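Read through the structure below, which is laid out as structure tokens, and then see the notes.
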Amino acid sequence: MYYDLITEVIGLIKIYEQESGPQEQDPYLFGQWLTEYYQKTGHVSVPEPEWDGKVNGRSADSVINTSLVHLYKYARLHAKAAIVDTAFSTPDEFIYLISLISFGSMTKTALIRLNIHEKSAGMQIVNRLISNGLVEQAALDSDKRNRMIHITPKGTQLLNESMQKIRIASMKVTEPLSHQEKMELIRLLTKLENFHEEKTKGQL
């Protein structure tokens, strides 16, 4: 019988219970915590991957940064292919419309900040959308200098007509990953994004 193993697992569950909330009673969450716990305590549960330049001192940070930049470029290529023969001139335009559909109308400043653009670049995107009749703006009663941006029926229709191609483009970027790998990647990317969002507040 695996008495020693059972005893060790019970001990780990007690530690997990102390470090997590009552809402986290989920085997998958426990598995994630266990991996992190073993990494913190020096137990290597997953073999460290190899990468180009590792033997010459290239760091994991360098590899991650390069991969993120490359993946962004691949995603842009797929997105550009998805908007051929549509009224969209750049992928950013449909991303702005998706933001308005997902989160509702918002100020011009909030929309630009949500999509991590500098003000000048974001204003160009919003102005193109306005010129094409895909969004409209209205002054705020409390602040005439800022404008609320609303998606128009024309914008909604164009987005709906393009969504199938956009979904296929998104799937191509993550194509080789299993569902479980996608969930783990979402967790890690969200952790990174939340950290940088908090760190750069007020800078964009």
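The values are calculated or read from the model by the stated rules, or taken from the named source; none is laboratory data. Predicted model, so just to flag it, every value in this text is computed and none were measured. Quick reminder, even Gly has a Cβ in these numbers, built from the backbone with ideal geometry, and neighbours come from all protein chains shown. Areas reflect the complete protein model, heavy atoms only, side chains present, ligands, DNA and RNA absent. Shrake-Rupley method; radii C 1.70, N 1.55, O 1.52, S 1.80 Å.
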### Task
Please work out, to two decimal places, the log10 of the ratio I(q)/I(0) at q = 0.09, 0.15, 0.17, 0.18 Å⁻¹ from a Debye calculation in which every Cα of the chain carries one identical scatterer.
-0.55, -1.10, -1.24, -1.32
### Query
Going by alpha carbons, how many degrees (0 to 90, nearest 10) lie between the helix axis of 153-173 and the longest principal axis of the chain?
30 degrees
### Query
How much mean residue ellipticity at 222 nm does the chain get from its helices, if each DSSP H run of length 4 or more adds -39500 (n - 2.57) and you divide by all residues, to the nearest 500 deg cm²/dmol?
-21000 deg cm²/dmol
### Message
If I build a Gaussian network model for the chain, linking alpha-carbon pairs within less than 10 angstrom, which residue out of 25, 157, 180 has the largest mean-square fluctuation?
### Response
25
### Task
Mind checking the per residue accessible area of the chain for me, 1.4 Å probe, whole number of Å²?
73 Å²
### Query
Using a Gaussian network model of the chain with C-alpha springs under 10 Å, which one of 107, 152, 35 is most mobile by mean-square fluctuation?
35
### Query
Semi-axes of the equivalent ellipsoid of segment 1-113: what are they in whole Å, largest first, if each equals the square root of 5 times a C-alpha gyration tensor eigenvalue?
42, 25, 13
### Query
What number, in nm² with one decimal, is the all-direction average of the projected area of the convex hull of the alpha-carbon atoms of segment 81-126?
3.3 nm²
#### Entry: Average projected area [Cα convex hull, segment 89-161], square nanometres
4.6 nm²
## Note on the structure
For segment 128-204, one quarter of the surface area of the C-alpha convex hull, expressed in nm², comes to 8.1 nm²
### Query
At a 1.4 Å probe, what is the % contribution of carbon and sulfur to the accessible area of segment 1-159?
57 percent
### Task
Return one number: the angle in degrees, 0 to 90 and rounded to the nearest 10, between the long axis of the Cα atoms of helix 60-82 and the longest principal axis of the Cα atoms of the chain.
40 degrees
### Query
Which of the pairs 73/199; 40/73; 119/191; 54/191; 73/172; 54/182 have their Cα atoms more than 22 Å apart in this structure?
73/199; 40/73; 119/191; 54/191; 54/182
#### Entry: Charged-residue dipole, Cβ positions (Lys, Arg, Asp, Glu), segment 71-154 about Cα centre, Debye nearest 20
180 debye
### Summary
Most fluctuating of 95, 64, 151 in the GNM of the chain (C-alpha, under 10 Å) is 64
### Task
Treating only the Cβ atoms of Lys and Arg (+1) and Asp and Glu (-1) as charged, compute the dipole magnitude of the chain about its Cα centre; round to the nearest 20 debye.
1100 debye
### Summary
Of 117-124, 193-200, ordering from highest average Cβ density within 10 Å down gives 117-124, 193-200
### Query
According to a simple spin-label model (label point 7 Å from Cα along Cα-to-Cβ), what is the distance in nm between residue 131 and residue 32?
4.3 nm
